[in-house]
Amino acid sequence: MLRLACWWLLSALLIAAPSSAAPRYLAPGAESRAISVSGSAEIKVPPDEVLLSVGVESRAVALADAKRANDAAVAKALAFLRASGVPDKDVQTDYVNIEPRYPYENDLKVVERLRPEFYVVRKSIGVRLGRIGAYEEVLAGLLANGAQYVHGIEFRTTQLRKHRDAARALAIRAAQEKADALAGQLGVRRGEVQAVSESYSGGWWRGGVGAWGNVGGGQGMQNVVQQAGAGGEDGGTLAVGQISVNATVNASFAIE
């Protein structure tokens, strides 16, 4: 009987003892509290360079004739660019694209025996212009000297890194001001930053064109817009305007 009583007492003590593997629960409010906000900034800057992409297309019954005509048209366009003062390092041509054109027939067996009606030879020319004011004259000259198509027109800024840094600084300030406003309305104070991320966009403007066609032409967000300079150059019909450089900063601040 004594042994039985001791065994029951030992079992009761083991059941009552706390287990070291038991989960621990934090008291409410013990975890970190934070305010998460987004700040964005946009800087308007005038572009200081333009990238042009034009196409030269030639057609002939004989492939050699189509290739010869295309080479002559490309040479004429390149000669115009040199005469206009565009440095050779700012001009680039791509490889020749050759496409045979066959007559349309419903009978596939007939088509297989047919020779091409003619050949299409294409080549593209890329031009970088550091003088925005020369854009209209150069584009018109290219179209009058061998080029038939405009693939793309892109206005850019060569100071993209500088403007992105400035936009990021404004976005950070916007995020801090947003966090301070929220903290003040909640009766708390903004603490140290806990997490931060950033993203960018803009810095160029691209005109819409076809492949071988004509020109087609739950967090708060606080926006900051800064005019960083006057846009465009006087004279002519070109209205360059300004391009946008955007930055966004997402940040979480501790609540004190």
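The values are calculated or read from the model by the stated rules, or taken from the named source; none is laboratory data. Every value quoted in this text rests on a predicted model; they were computed, and no experiment measured them. Note that we place each Cβ from the backbone using ideal geometry, even for glycine, and neighbour counts take in every protein chain shown.
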Fill in the blank from the handout: Contact list, first residue from region 68-92 and outside the structural domain of Val54 (by TED's automatic domain parsing), second anywhere and loosely packed, with under 15 Cβ neighbours inside 10 Å and part of a loop (DSSP other than H, G, I, E, B), beta-carbon distance below 7 Å, six or more apart or interchain, is none
Exercise for the section: Would you check which residues across region 50-62 are surrounded by 15 or more Cβ atoms within 10 Å (Cβ to Cβ) and either farther than 11 Å from Lys123 by Cα or of a type in the set (Ser, Thr, Tyr) (or both) and list them? Expected result: Val50, Leu51, Leu52, Ser53, Ser58, Arg59, Ala60
Practice task
Just need a number here: residues in region 139-169 that are surrounded by 20 or more Cβ atoms within 10 Å (Cβ to Cβ), more than 18 Å from the chain's Cα centre (by Cα) and in a helix (DSSP H, G or I).
Solution key: 2
Problem - Of all residues making up region 126-151, the number that are within 18 Å of Trp205 (Cβ to Cβ) and of a type in the set (A, V, I, L, M) - result: 7
Handout entry: Members of region 195-219 found to be exposed (fewer than 15 other Cβ atoms within 10 Å of the Cβ), touching a Ser or Thr at 6+ places or on another chain (Cβ under 7 Å) and modelled with pLDDT of 75 or more, listed by number
Key = Ala195, Ser199
Handout entry: Positions within region 73-96 being loosely packed, with under 13 Cβ neighbours inside 10 Å and among the small types (Gly, Ala, Ser), in sequence order
Key = Ala79, Ala83, Gly85
Problem - Boolean, Glu57 is at pLDDT 95 or above and closer than 19 Å to Gly152 by Cβ - result: yes
